[in-house]
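Chemist: What follows is a single structure, and I will ask about it in a moment.
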């Protein structure tokens, strides 16, 4: 039994590491396939002459063949050194650590608010199935599919910061968290509502009622755990979308998070910083997926028996 | 004596539609009432109204009295206390009636003390209940989840939960329909024993007269939302008054009248299997082991066994839906393994061998019309006649009105759907037809019709058939040979009459005992025995 758990967690860790390494690998070559590197940008802005450009290239190691560059970078990365930013000349790891708290607050805030909002709405719609709550669920779902968050973000800046002047234009978390949480809520509420409606008609709910359990007991012992199993299976997709959303929100609202950092790094062809930023996104998604997997194994005994 | 339960002029409505009307029933303390009828006759709705479990969009009118309570006027909290002390219920599909995420002990605890934990006293109570319903391996049962139990065990757990509240009335809504013949008989025996030991009354809803005829005190027959006849069981069975009751009693007494078939001339072997073995991934036990079979042209081979004996697994391997771990299967010179190699070989195999499933709803695409379903099959047959002509021909051949071609599966009845499935299988003119429990989900009338159709086709089409089922009484009527499966092994096979005349294995004996348990059955059994001798 114990060895089984050890083997399984080893396999899982190996699988997670493999996906992260694969993503890092792809990003490394993709970013270098975009035309122009950082020295070209300096030349374009007139800060550098052609002869200086060559020297700077070789100083930064950009003149080497791309495979050689990969070898150097991967050796360093393996030793825990993510390199220095080409533009700011500071450690990429330190910059990432500075930016991380902003991103985590935004993500966690949006996730918690969004899940609670979506869950509450689904429950209300289920309790009053013919009423306006159900239409609210539909509306929010359409909203989250049809309205891109960057677009809403720009409109929100225009309305609340420029016209009404209630909030600062840059650097506040309230609007991005609300926008992202509406997105999350829309993605959760509809499948959860449908699942809840389906479960209330299942045999075991009838059995529970026949046993003489109260409504509340039936809801939290029988209906909610079964519905949660479904939502958790969606968590991976929802979180992936959310990570994409934080990236654009950080850009629109000028937040110094990982997304904003990565965006400026891409524009400035700051290779090590891009690499670190995107690898972080990959790590976050992979870990959240794994957590979702573990949660569904914990909830559903049938899944435990498969592997 | 005032009856324990009385139903007077009950009417059940869904909005403006009336589903049940003018129903009167009475059930005395300790009595067994069987409510019989076909699906949609309102029998289940009536029983659900008696325990307050009607779907919320339906309303009940009239009067239902249980002991001193006016059932239809109870508040939710009064209902809860009545269910914890008086009325209990068990349902049709035991698998879905148990919460898949909770252990048996947690679900039993809910019934015993309202929590999900068994304390010392309630753990004893739980073990006693499990033993009372015949689950003696109590520790394993308590820790098990529903998916780890067989259908029979699940239904026993549900019965144990129902008994936890010491009910005076147990409402059982088709409790055996989803179970195989011998498990059915065991569950009925169990209910009968519990009724005698505990003196509780049972209201059992079923579509199968034969399983309750020996245990029911009174019978109520439902037809089109009305109770058309009720009375002492013996009276209803021996002197049925209503036309429908007569048809029902007739169907279960005579079984099936089948057209005679001539054995094929100079038969050649169309299917043979040697040493087939299969194990499901991560399973401990082999699902199939050393299976050896052969089928001649024009012959009908019946494979019988309890659920879980490996019948369906074998069927899937014969038609190539799954691959055996070892052993060889050959159908008309083709190996089912070839299906996995290329589309062309898959098609070649499909033209020789077709498969009919038990679940008629799941095996038809809900968004395709009957015409489209059949056309798809015909186009694969390499037929030279234009498909449009063949469509109505096929429909007539399986006894369907060609007008139904434009319908979708949800516009067809269960029996019609099974006929469409048969027509689809016939479209390619197969030489071998493998049917996996094709009639188990249908009621007695439809079973008779579908089996009749299959047997008639067998004669007119000169194809061979493998018929998988658990109803030995039915299968003994038309299968030339039988193979009995138990725990993944064929324990016995041979010519039907010889085998029933002198059963060698305990598996066959058990099946015979349960299948021929009613009076007419034993007469048939005696007749078979004498003809074998």
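What follows is calculated from the coordinates using simple rules that are stated; it is not laboratory data. What you see is a predicted model; the values in this text were computed from it and never measured. Neighbour counts are summed over all protein chains in view; Cβ atoms, including those assigned to glycine, are modelled from backbone coordinates with ideal geometry.
Chemist: Helix B:506-515 against the longest principal axis of chain B: what's the angle in degrees, Cα atoms only, rounded to the nearest 10?
Modeler: Approximately 60 degrees, to the nearest ten.
Chemist: Could you give the angle, 0 to 90 degrees to the nearest 10, between helix A:224-252's Cα long axis and the longest principal axis of the Cα atoms of chain A?
Modeler: 30 degrees
Chemist: A further question follows. What FRET efficiency comes out for residue B:29 versus residue B:506 if R0 is 51 angstrom and r is the Cβ-Cβ distance? Round to the nearest 0.05.
Modeler: On the way: r = 39 Å, r/R0 = 0.77.
The calculated FRET efficiency here is 0.80.
Chemist: Could you put B:46, B:245, A:103 in order, starting from the residue whose Cβ has the fewest other Cβ atoms within 10 Å?
Modeler: Values: B:46 29, B:245 22, A:103 26.
Lowest count first: B:245, A:103, B:46.
Chemist: From the helices alone, meaning DSSP H stretches of at least four residues, give me the mean residue ellipticity at 222 nm for chain B, per-run term -39500 (n - 2.57), in deg cm²/dmol to the nearest 500. Show your work: numbers first, answer last.
Modeler: Details: 21 runs with 206 residues, N = 533.
Value at 222 nm, helices only, nearest 500: -11500 deg cm²/dmol.
Chemist: Percent relative contact order of chain A, based on C-alpha pairs within less than 8 angstrom and at least six residues apart? Display every interim value, and only then the final one.
Modeler: Working: 323 pairs, mean separation 74.5, N = 307.
Averaging sequence separation for qualifying contacts and normalising by length gives 24 percent for chain A.
Chemist: How far, in nm, would the chain grow between residue B:148 and residue B:196 when pulled straight, counting 0.36 nm per residue and subtracting the alpha carbon separation? Could you put the intermediate results ahead of the total?
Modeler: Values: separation 48, 0.36 × 48 = 17.28 nm, distance 3.04 nm.
Once the chain is fully extended between residue B:148 and residue B:196, it gains 14.2 nm.
Chemist: Where both residues lie in the protein assembly as shown, what percent of DSSP beta bridges are antiparallel, nearest 5? Please list the in-between numbers first.
Modeler: Numbers: 43 of 79 bridges.
Counting only bridges with both partners in the protein assembly as shown, antiparallel ones make up about 55 percent.
Chemist: Please list, short to long, the whole-number percent of alpha-carbon pairs of the range A:114-205 in consecutive 5 angstrom bins beginning at zero.
Modeler: Going out from 0 Å in 5 Å bins, the range A:114-205 shows 3, 14, 20, 17, 14, 12, 8, 5, 3, 2, 1, 0 percent.
Chemist: Just to confirm the number: angle between the C-alpha axis of helix A:66-78 and the first principal axis of chain A, 0 to 90 degrees, nearest 10?
Modeler: 60 degrees
Chemist: Could you work out which residue, out of A:123, A:273, A:62, moves most in a Gaussian network model of chain A, that is, has the largest mean-square fluctuation with Cα springs under 10 Å?
Modeler: A:62
Chemist: As a footprinting exposure proxy, order B:145, B:280 by other Cβ within 10 Å, with the fewest listed first.
Modeler: Details: B:145 20, B:280 12.
Arranged by neighbour count, lowest to highest, B:145, B:280 become B:280, B:145.
Chemist: Suppose R0 equals 45 Å; then what is the FRET efficiency for residue B:283 and residue A:90 from their Cβ-Cβ distance, rounded to the nearest 0.05?
Modeler: 0.20
Chemist: Rounded to the nearest 5, what is the percent of antiparallel bridges among the DSSP beta bridges in chain B?
Modeler: Working: 42 of 78 bridges.
The answer is about 55 percent antiparallel.
Chemist: Between residue A:6 and residue A:71, what length comes free when the chain is fully extended (0.36 nm per residue of separation minus the Cα-Cα distance, one decimal in nm)? Provide the component values of the computation, followed by the final result.
Modeler: Working: separation 65, 0.36 × 65 = 23.40 nm, distance 3.25 nm.
Result for the pair: 20.1 nm of gain on full extension.
Chemist: How high is the FRET efficiency from residue B:361 to residue B:57, r the C-beta distance, R0 25 Å, rounded to 0.05? Spell out each step's value before the answer.
Modeler: Numbers: r = 22 Å, r/R0 = 0.89.
Efficiency for this residue pair is about 0.70.
Chemist: Here is a further query. What residues from the range B:6-33 fall in the zone where the backbone N is under 20 Å from a label point 7 Å along the Cα-to-C-beta line of residue B:166?
Modeler: Label zone hits: B:29-31.
Chemist: Next question, about the same structure. Give me B:110, B:492, B:229, B:29 sorted ascending by neighbouring Cβ count inside 10 Å, so fewest comes first.
Modeler: Working: B:110 25, B:492 18, B:229 21, B:29 15.
With the fewest neighbours first, B:110, B:492, B:229, B:29 line up as B:29, B:492, B:229, B:110.
Chemist: Follow-up. Decide, for chain B, between rounded, prolate and oblate: order the square roots of the alpha carbon gyration tensor eigenvalues as a ≥ b ≥ c, take rounded if a/c falls under 1.5, and otherwise choose prolate if a/b is larger than b/c, else oblate.
Modeler: Working: a/c = 1.80, a/b = 1.54, b/c = 1.17.
Judged from the Cα gyration tensor, chain B comes out prolate (a/c at least 1.5, a/b above b/c).
Chemist: Give the Kirkwood hydrodynamic radius (Å, one decimal) of the range B:7-89, defined as one over the mean of 1/r across all pairs of different Cα atoms.
Modeler: Working: mean 1/r = 0.0747 Å⁻¹.
This gives a value of 13.4 Å.
Chemist: Another question, then. Pick from A:268, A:186, A:46: which is most flexible by mean-square fluctuation in a GNM of chain A where alpha carbon atoms under 10 Å apart are linked?
Modeler: Fluctuation is largest for A:46.
Chemist: Can you give the Rg and Dmax of chain A based on its C-alpha atoms, in angstrom?
Modeler: Both quantities, over Cα of chain A: 24.1, 86 Å.
Chemist: Now, a different point. Between the range B:1-62 and the range B:408-432, how far is it from one alpha carbon centroid to the other, in angstrom?
Modeler: Each part reduced to its Cα centre gives a spacing of 35 Å.
Chemist: Work out how much length residue B:242 to residue B:321 would gain on full extension: take 0.36 nm times their residue separation and subtract the Cα-Cα distance, in nm to one decimal. Walk me through the numbers on the way to the answer.
Modeler: Values: separation 79, 0.36 × 79 = 28.44 nm, distance 4.65 nm.
Length difference between fully extended and current span is 23.8 nm.
Chemist: Let me ask something additional. With no solvent and one equal point scatterer per Cα, compute the Debye intensity ratio I(q)/I(0) for the range A:1-141 at 0.10, 0.15 Å⁻¹ and report its log10, rounded to two decimals.
Modeler: Treating every Cα as an identical point scatterer, log10 I(q)/I(0) equals -0.67, -0.97.
Chemist: How shielded is B:97-106 by partner chains, expressed as the average number of their Cβ atoms within 10 Å of its Cβ atoms? If you can, show how the numbers build up before the last one.
Modeler: Numbers: counts 8, 3, 12, 8, 11, 7, 1, 0, 0, 1.
The mean count of partner-chain Cβ atoms within 10 Å per residue comes to 5.
Chemist: Quick one: divide the alpha-carbon radius of gyration of the range B:192-248 by 2.2 N^0.38 Å and tell me what you get. Display every interim value, and only then the final one.
Modeler: Values: Rg = 12.0 Å, N = 57, 2.2 N^0.38 = 10.2 Å.
Relative to the rule-of-thumb radius for its length, the range B:192-248 sits at 1.18.
Chemist: Bin width 20 Å, alpha-carbon pairs only: give the P(r) of the protein assembly as shown as whole percents, running from 0 to the bin holding the largest distance.
Modeler: Cα pair-distance distribution for the protein assembly as shown, in percent: 12, 34, 32, 16, 5, 0.
Chemist: Peptide B:50-56: average number of partner chain Cβ atoms within 10 Å per residue?
Modeler: Working: counts 0, 3, 2, 4, 0, 3, 3.
Taking all residues of B:50-56 together, the mean is 2.
Chemist: Shielding by partners for A:198-209, please: the mean number of other protein chain Cβ atoms within 10 Å of each residue's Cβ.
Modeler: 6
Chemist: Please compute the contact order of the range B:1-146 in relative form: average sequence separation of alpha-carbon pairs under 8 Å and at least six residues apart, divided by the residue count, as a percent. It would help to have the intermediate numbers written out before the result.
Modeler: Details: 175 pairs, mean separation 27.6, N = 146.
Worked out over the range B:1-146, it gives 19 percent.
Chemist: Out of A:100, A:167, A:180, any idea which swings most in a Gaussian network model of chain A, alpha carbons joined below 10 Å?
Modeler: Greatest mean-square fluctuation among the candidates belongs to A:167.
Chemist: Counting alpha carbon pairs within less than 8 Å and at least 6 residues apart, what relative contact order, in whole percent, applies to the range B:83-155? Intermediate values should be presented prior to the final figure.
Modeler: Numbers: 64 pairs, mean separation 27.6, N = 73.
Relative contact order of the range B:83-155: 38 percent.
Chemist: Could I have the simple spin-label model distance between residue A:154 and residue B:368, label points 7 Å from Cα toward Cβ, reported in nm to one decimal?
Modeler: 4.7 nm
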